[in-house]
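Asks: Can you keep this structure in mind? I'll have questions shortly.
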Amino acid sequence: MLYYNLKNKKERVTFREAVTRGLSSDMGLYMPEEIPSPGHDFFRSLPEMSLPQIAFSIGGMYLGDEIPGPVLEKICSESFNFPIELKKIGPGKSVLELFHGPTAAFKDFGARFMSRCLGYFTTGDDRKTVVLVATSGDTGGAVADSFAGVEGVDVIILYPSGRISPLQENQLTTHGGNITALEITGTFDDCQAMVREVFTRLDTRDKIRLTSANSINVARLIPQSFYYYYAVSRCENREPVLSVPSGNFGNLAAAVMAWRSGLQVKHFIASTNVNRVVPEYIRTGEYHPAPTVMTIANAMDVGNPGNFARLMQLFDNEYVNIASKISGYWFDDDRIRNHIRDEHQRSGYILDPHGAVASLGLESYIRDHPGTEGILAATAHPAKFSEVVEPIIGEKLSVPSSLNRFLLGKKLSVPMKSGYHYLREYLTERYHLQ
Ligand SMILES: *Cc1c(COP(=O)(O)O)cnc(C)c1O
C-alpha cells in the first residue's frame with residue numbers, strides 16, 4: 001500500500017517514508033491510497049478477536065509487507081497490552097473506555113504503535129531520530145512514555161504553558177533522559193505551528209532525522225481505528241452510532257476509516273467543546289478556523305484541526321457526503337460540568353470532561369433521533385482531571401497506579417517563547433546544525 005500527499009496527490013511514498021517523515025516537505029498529510037476492506041471472514045470472526053488480533057489483521061492491510069508478519073505481531077501485542085472496556089451506562093448508551101493504558105488516555109494506542117514502527121524502521125540508522133511533537137495535553141505524555149529510554153531517539157515536546165493539567169504536565173516533564181519538554185508561552189495552535197514550520201523550513205543538513213508524532217503521523221492515525229472494530233462488534237446493536245470527543249480530529253478520522261472499510265456504523269457524532277469549527281462546518285457548510293479557546297476539556301482545545309483535511313478526503317471533499325454521515329454538537333464548560341454531575345447522579349458513572357463532551361453529543365443526537373443505540377468514546381481517565389471532576393461529584397477519585405508514578409517526579413522543562421525562530425535556534429544549537 002502506498003500513501004499519497006494530500007497537498008500533492010501525485011507524490012506517493014511507502015509506509016516507511018510516511019512514518020519516518022511524519023509530514024511531507026510541503027506540510028501535506030499522508031493518506032493511504034485506498035481504504036482496504038478486510039472482507040466477510042474477518043467481520044464474521046470479529047466478535048471473538050482480541051484487540052491485538054484485530055490490530056494485526058487491519059494493520060497488516062495498511063502496512064503490506066513493509067514490516068514482516070512476526071515483527072508486526074509483536075508490535076501489536078506489545079502496543080495493546082492493556083484492556084479496553086465497553087460498559088452500558090444507560091438506555092442506548094455505552095461507554096468505550098480507552099483510558100486503561102500507561103498514561104490513562106487514548107493517545108496511548110497511537111503513540112505505542114507508532115513508536116514501535118519507528119523503532120523498527122530506524123534500527124541501524126546512524127543519524128539520531130528526533131521526534132518533535134506539539135501537545136494540547138495528552139499526546140505528549142503518551143509519546144514520552146512510549147519513547148522513554150529508546151536508544152537513538154530524542155523526543156522534544158512542545159506544550160502550552162499554563163494550559164494543561166498539573167498531572168499532564170508531570171507526565172511530560174518528569175522523564176528526563178531522552179525526553180525534553182519545551183514549555184511554550186502560547187497556545188496549542190502556536191506549538192503546532194512551530195513544529196510545522198520546522199518541518200518546512202529547517203535544514204537539518206542530514207545530521208538528524210526529524211519526524212513528527214502528532215496525530216498527523218499515519219502510524220498514529222491507523223491504530224486509532226482498531227478499537228472501533230472491537231467496540232462495534234461487541235455492541236448489542238449491530239449498527240450503533242459513534243460519538244467521538246474531538247480536537248484535532250484524528251480519532252474521528254480513524255473511526256471513519258473503519259467504517260469505510262466495511263464496519264457497520266450508522267452515524268458519527270463530532271462532539272466538541274466551544275472550539276467548534278467542525279460542528280459549525282457541518283451545520284453551515286462554511287469552514288472558519290478560529291483562535292483556540294481554553295476549556296476544561298483541554299486536550300480538545302484546537303481552533304484549526306490538523307486532521308480536518310483527512311476527514312474531508314474520506315468523504316471525497318464533498319460537503320453533502322460528510323453532512324449526511326456526521327452530526328456535530330458543541331458544549332461549553334458549564335454544560336460539561338453539569339453533565340458530569342448529572343451522569344454521576346443518574347448512573348454512578350464518572351466521566352472525565354472529554355468523555356462528558358462525547359456523552360452530551362450522544363444524548364443530543366438521541367434526543368433528535370429517539371431509539372438510537374450509541375457508543376461514546378471515553379478518552380481519558382477522570383482522575384487525570386481530578387481538579388475539575390472531584391469538586392463536581394464531591395468525591396475523591398482514586399488515581400490508577402500507572403499515573404501515581406508521575407506525581408513524584410521533579411519538573412524539568414525548558415521555557416521558550418512562541419515563534420519558529422526560538423525553536424530553530426534551540427535545535428540548531430543542540431544538534432550542531434550549522
Ligand atoms: C487528544 C484528545 C482528544 C481529541 O482527539 P483528536 O484525535 O485530537 O480529535 C480527546 N480526548 C482526549 C482525552 C485527548 O487526549
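Asks: Out of the residues in segment 120-144 meeting the condition of being in contact with a strand residue (DSSP E or B) (Cβ under 9 Å, 6 or more places away or on another chain) and of a type in the set (D, E), tell me which one is nearest to the ligand (Cβ to nearest atom).
Replies: Result: D138.
Asks: Related question: Identify, by number, the condition in (1) crowded, with 24+ Cβ neighbours inside 10 Å; (2) within 13 Å of the ligand (Cβ to nearest atom); (3) part of a helix (DSSP H, G or I) that D189 doesn't meet.
Replies: (1)
Asks: Can I ask one more? C117 - would you say it is modelled with pLDDT under 95 and surrounded by 21 or more Cβ atoms within 10 Å (Cβ to Cβ)?
Replies: The answer is yes for C117.
Asks: If we keep just the residues of segment 307-343 that are charged (D, E, K, R) and in contact (Cβ under 8 Å) with a residue 12 or more places away in the chain, which is most open to solvent (accessible area, probe 1.4 Å)?
Replies: The selected residue is R335.
Asks: State all residues of segment 31-55 that are closer than 30 Å to N8 by Cα and either outside any helix (DSSP H, G or I) or open to solvent by 60 Å² or more (accessible area, probe 1.4 Å) (or both); if no residue qualifies, say none.
Replies: Within segment 31-55, M31, P32, E33, E34, I35, P36, S37, P38 qualify.
Asks: Identify the single condition in (1) within 16 Å of the ligand (Cβ to nearest atom); (2) assigned to a loop (DSSP other than H, G, I, E, B) that L362 does not satisfy, given that it satisfies every other one.
Replies: Answer for L362: the failing condition is (2).
Asks: Among the residues of segment 192-223 satisfying the criterion of being open to solvent by 10 Å² or more (accessible area, probe 1.4 Å) and of a type in the set (A, V, I, L, M, F, W, C), which is farthest from L98 (Cα to Cα)?
Replies: L202
Asks: Separate question: Looking at segment 292-306, can you tell me whether even one residue there is open to solvent by 30 Å² or more (accessible area, probe 1.4 Å) and either of a type in the set (G, A, S) or farther than 21 Å from D138 by Cα (or both)?
Replies: No; the residues of segment 292-306 include none that is open to solvent by 30 Å² or more (accessible area, probe 1.4 Å) and either of a type in the set (G, A, S) or farther than 21 Å from D138 by Cα (or both).
Asks: Hey, can you tell me all the residues within segment 236-255 that are under 20 Å from the mean Cα position of the chain (by Cα) and away from the ligand (no atom under 12 Å from the Cβ)?
Replies: Passing the criteria: V241, L242.
Asks: Which one of these does S94 not meet: (1) within 22 Å of T204 (Cα to Cα); (2) away from the ligand (no atom under 16 Å from the Cβ); (3) small (G, A, S)?
Replies: Of (1) within 22 Å of T204 (Cα to Cα); (2) away from the ligand (no atom under 16 Å from the Cβ); (3) small (G, A, S), only one is false for S94: (1).
Asks: Something else now. Among the residues of segment 89-97, are any open to solvent by 10 Å² or more (accessible area, probe 1.4 Å) and without any contact (Cβ under 8 Å) to a residue 40 or more places away in the chain?
Replies: yes
Asks: So which of G60, G69 is out of contact with any Phe, Trp or Tyr (no Cβ under 6 Å at 6 or more places or on another chain) and surrounded by 16 or more Cβ atoms within 10 Å (Cβ to Cβ)?
Replies: G60
Asks: What strands (runs of 3 or more DSSP E) lie completely within segment 205-304 and have 2 or more residues being β-branched (V, I, T) and more than 30 Å from V13 (Cα to Cα)?
Replies: 267-272
Asks: Consider only pairs whose beta carbons are under 6 Å apart and that are at least six residues apart or on different chains; among these, list those whose first residue lies in segment 226-253 and is under 29 Å from Q192 (Cβ atoms) and whose second residue is of a type in the set (S, T, Y) and within 12 Å of the ligand (Cβ to nearest atom).
Replies: Every condition considered, the pairs that remain are S243/S271; P245/S271; P245/T379; S246/T272; N248/S215; G250/S215; L252/S246.
Asks: Could you pull out the residue among V302, V265, V274, V320 that is more than 12 Å from the ligand (Cβ to nearest atom), among the β-branched types (V, I, T) and within 24 Å of P382 (Cα to Cα)?
Replies: On inspection, the qualifying residue turns out to be V274.
The values are calculated or read from the model by the stated rules, or taken from the named source; none is laboratory data. The model shown is predicted, which means the values in this text are computed figures rather than measured ones. Positions of Cβ are backbone-derived with ideal geometry, glycine not excepted, and every protein chain shown enters the neighbour counts. All accessible areas refer to the heavy atoms of the entire protein, side chains included, with ligands and DNA or RNA removed. Shrake-Rupley method; radii C 1.70, N 1.55, O 1.52, S 1.80 Å.
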